[in-house]
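What follows is one structure encoded as structure tokens, with my remarks underneath.
Just so you know, all these numbers are worked out from the coordinates, no wet-lab data involved. As the structure is a prediction and not an experimental result, all values here were calculated from the model. Cβ atoms come from the backbone with ideal geometry, glycine included; neighbour counts cover every protein chain shown.
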Amino acid sequence: MWRRLSVLDWVRIGLLALGLAFVATGWLPLTVAVEKFDEIAPLLLFLVGVIVLAELTKEAQVFDAIAARMAVLGRGSYLALFFLCTAFASFVTIFLNLDTTAVLLTPVMLALAARAGIAALPLAMTTIWLANTASLLLPVSNLTNLLGMNALQMSNREFATRMWAPQVAAIAVTMVFLWLFFWRRGRRGEVRYTPPSLEPIADTVLFWAASAACVLFIGALLLDQPVHVAATVAALIVVVAFFVRDRKRLTWSLIPWQLLIFVTGLFLVVPALSLHGLADVMSWMIGGGDNPYRTAAVGAGLSNAINNLPAYQALEEVAGRDQLLAVLIGTNVGPVITPWASLATLLWFESCRRHGVKVPMRRFLLTGAVLAVTALVAAVWALGAV
């Protein structure tokens, strides 16, 4: 088992070990550690629930069926397919978390590209850019949103009311640059594509059970139910369906232990560092003028330097209530430049590698920088305009 661990897995384990060492040595007081664990327990439950739901929904061919029907509906037109794909990726990110888009939707889209002769890179870039920039609207869209909602003591509806305008702005900018950089005729290469033939669903009972669970989950969010409860109930519905119909798919690999270890370690290490000087550095970086553009820019810069989760966690310790939404814009919209800026991007690169899709790194960095700056400015402006 130890030989199967990747470098990234060892980094996660090391982060947790460092956090536990901080608690053991008193560098992080035990009372603070217990307080942090109480804070993240519902978040960890949500992560398990939503990822199990998404994984089994993919296994039930729900994503495959939607993607194939989108390609058929597009009737060979790249413009029609562009709007369908951006809408689908945005919807999945908003309601099922950015990691679902990056990890589960990406291979579905790339498999569809191979079947229909569709250019793969535009589809791949659509999933990863919108996995990040479409993750502002709901608390479930991004783990940083859940943290921010808890810090601000907002409900799902209150959070969405504040973030709908920045979300619309970020998606609109992303669509413009996706078309200019990847989808237009001069970039993608082909004039039209061949719509694929529709494959039959292997198990319609599992398909409809997973679909119903997703609808139930989305409905619970719209009714302002606790996200960890909604995700757990929806996941249990699909688990029961698979237990009855295809229990061999229910393996321990469904549990996202790597992400649970990473988040737990993060919530021990960052507070400890904040108690010993990190908070002062973060306060100096965002300044005292309450400038939302500067705050968002710091969040984006730190995300691309060290990853968006530790960047958000470090800034949350010092940001005021009015600054926190700007921090979220920076740490959600901004991580589209470097490959390590978000966990979703790291996993997306691995998926592209497995499917033989070459991502030109220079092009990825430059186009991501243009998107990050423009979308960040547009989203922060929209935040202040409503």
Applying the gyration tensor rule to the Cα atoms of the range 90-192 (axes a ≥ b ≥ c; rounded if a/c under 1.5, else prolate if a/b exceeds b/c, else oblate), the class is prolate
Expected sort for 299-311, 271-283 on mean C-beta neighbours within 10 Å, highest first, is 299-311, 271-283
For LYS248, the lysines lying under 16 Å Cα to Cα, once residues fewer than eight places off in the same chain are dropped, come out as LYS58
Here the relative contact order (percent) of the range 243-386, from C-alpha pairs under 8 Å and at least 6 apart, is 22 percent
Here the range 351-368 yields Karplus 3J(HN,Hα) values (6.51, -1.76, 1.60; θ = phi - 60°; whole Hz; Gly and Pro given as x) of 5, 4, 4, 5, 8, x, 9, 7, 9, x, 5, 4, 5, 4, 5, 5, 5, x
In whole angstrom, the spacing between the Cα centers of the range 60-134 and the range 362-385 equals 22 Å
Computed over the range 1-152, the relative contact order (Cα-Cα under 8 Å, seq sep at least six) in percent reads 19 percent
Residue separation between SER211 and ARG157 times 0.36 nm, minus their alpha-carbon distance, gives in nm 17.1 nm
If each K or R counts +1 and each D or E counts -1, the residues other than VAL205 whose Cβ falls under 10 Å of its Cβ total -1
With R₀ set to 25 angstrom, the calculated FRET efficiency between the beta-carbons of ALA172 and SER253, to the nearest 0.05, is 0.10
Output row, site ARG187, 7 Å Cα→C-beta label point, backbone N cut-off 13 Å, window the range 320-364, residues 360, 363-364
Taking 0.36 nm per residue of separation between LEU18 and ARG115 and subtracting their Cα-Cα distance, the length gained on full extension comes to 30.3 nm
Taking the chain and counting helices only, DSSP H stretches of n ≥ 4 at -39,500 (n - 2.57) each over all residues, the nearest-500 ellipticity at 222 nm comes to -24000 deg cm²/dmol
Using alpha-carbon positions, the gyration tensor of the range 151-238 gives root eigenvalues a ≥ b ≥ c; with a/c under 1.5 called rounded, otherwise prolate if a/b exceeds b/c, else oblate, the class is oblate
Whole-percent tail of the Cα-Cα distance distribution for the chain, cut at 37 Å, equals 18 percent
So, relative contact order of the range 14-385 in percent, Cα under 8 Å, 6 or more apart, is 25 percent
Plugging the Cβ-Cβ distance of ALA385 and ASP280 into 1/(1 + (r/R0)^6) at R0 = 25 Å yields, to the nearest 0.05, a FRET efficiency of 0.15
Of 319-328, 202-211, ordering from highest average Cβ density within 10 Å down gives 319-328, 202-211
So, over other residues within a Cβ distance under 11 Å of LEU105, counting Lys, Arg +1 and Asp, Glu -1, the net charge is -1
In nanometres, the difference between 0.36 nm per residue of separation and the alpha-carbon distance of TRP164 and TRP10 is 51.7 nm
Here the averaged projected area of the range 293-386, based on the convex hull of its alpha-carbon atoms and given in nm², is 6.1 nm²
